[in-house]
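The values are calculated or read from the model by the stated rules, or taken from the named source; none is laboratory data. Just so it is clear, the model here is predicted, and its values are computed rather than measured. Cβ sites come from the backbone with ideal geometry, for glycine too, and all protein chains shown count toward neighbours. These area figures cover heavy atoms from the full protein model, side chains too; ligands, DNA and RNA do not enter into them. Shrake-Rupley method; radii C 1.70, N 1.55, O 1.52, S 1.80 Å.
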Amino acid sequence: MRLPIAALLLLASTIPASAETCRETFVRLLTDKTEKGPVKIHVTQEIKGGPTTKNYNYQAEPGHWMTEMIEPASMMWSLVYDNAMYTSTDKGKTWTKVRTMESSENEASTENTMAEAAKTVANESCGEAEIDGVMHKTVEADYDIPAYQTKHHQKYWVNPETGWISKAVTETSQTGFESVATQIIEPAPDLELPTPE
């Protein structure tokens, strides 16, 4: 199990340069993986013909993240720390090591994948929308991920004062599969995650 691609996509957030075109802004948001500090993400995953799941995804730093299941509550939690993946069946009280992994290699692979995806960006559109009384810039476009043979429509809501992506919606389709992932993203400066031995 890996960090969902949707969760990886939302970690991009910097203040847009005024001279950027809409397409350039979208590509920058899609591919920028610079460190933004600890985050808490509420993820709703809707699969066509399947169940809807909800979880919190927390990232303390690259290579140290945890998924807390909300719905269905019976699903296992997952944790990645120090190049190892763990699962928990008791809501994070205890952790069982599943396998070792190379976080740096996974990050490099994701960067390469998204660089290829950026070459396919089309139908970009920019506008404005309000979230909780704050006006945000919206940036959306279509793109493909050739490595996964998937097609996507991605929309970001960016706070123009801070550059923070407050919300992201990713529509994904491939043969026999369609899903929509909605992410609400918050800074989490006091975040502490488990560090199993």
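Of all residues in the stretch 28-51, exactly one satisfies the criterion of being in contact with a helix residue (DSSP H, G or I) (Cβ under 7 Å, 6 or more places away or on another chain), open to solvent by 40 Å² or more (accessible area, probe 1.4 Å) and not in a loop (DSSP other than H, G, I, E, B), namely THR31.
Evaluating SER125 against the criteria (1) among the small types (Gly, Ala, Ser); (2) touching an Asp or Glu at 6+ places or on another chain (Cβ under 9 Å); (3) not in a strand (DSSP E or B) leaves one unmet condition, (3). Among the residues of the stretch 100-107, are any free of Cβ contacts under 8 Å to residues at least 24 places away in the same chain, open to solvent by 60 Å² or more (accessible area, probe 1.4 Å) and among the β-branched types (Val, Ile, Thr)? Checking the stretch 100-107: at least one residue is free of Cβ contacts under 8 Å to residues at least 24 places away in the same chain, open to solvent by 60 Å² or more (accessible area, probe 1.4 Å) and among the β-branched types (Val, Ile, Thr). Which of the residues spanning the stretch 171-190 are open to solvent by 40 Å² or more (accessible area, probe 1.4 Å) and not in a strand (DSSP E or B)? Passing the criteria: THR175, GLY176, PRO189, ASP190.
Based on this model, can you work out whether THR94 counts as at pLDDT 95 or above and assigned to a loop (DSSP other than H, G, I, E, B)? The answer is yes for THR94. In the stretch 53-64, the residues that are more than 11 Å from ALA188 (Cα to Cα) and free of Cβ contacts under 8 Å to residues at least 12 places away in the same chain form no Cβ pair under 6 Å with any partner that is of a type in the set (A, V, I, L, M, F, W, C) and open to solvent by less than 30 Å² (accessible area, probe 1.4 Å), whether six or more places apart or across chains. Selection of the stretch 135-149 for residues being at pLDDT below 95 and either more than 15 Å from ASN112 (Cβ to Cβ) or among the aliphatic types (A, V, I, L, M) (or both) yields ILE145, ALA147, GLN149. When the stretch 143-170 is filtered for residues that are open to solvent by 50 Å² or more (accessible area, probe 1.4 Å), touching a strand residue (DSSP E or B) at 6+ places or on another chain (Cβ under 8 Å) and of a type outside the set (Lys, Arg), the ones remaining, listed by number, are ASP144, TYR148, GLN149, PRO160.
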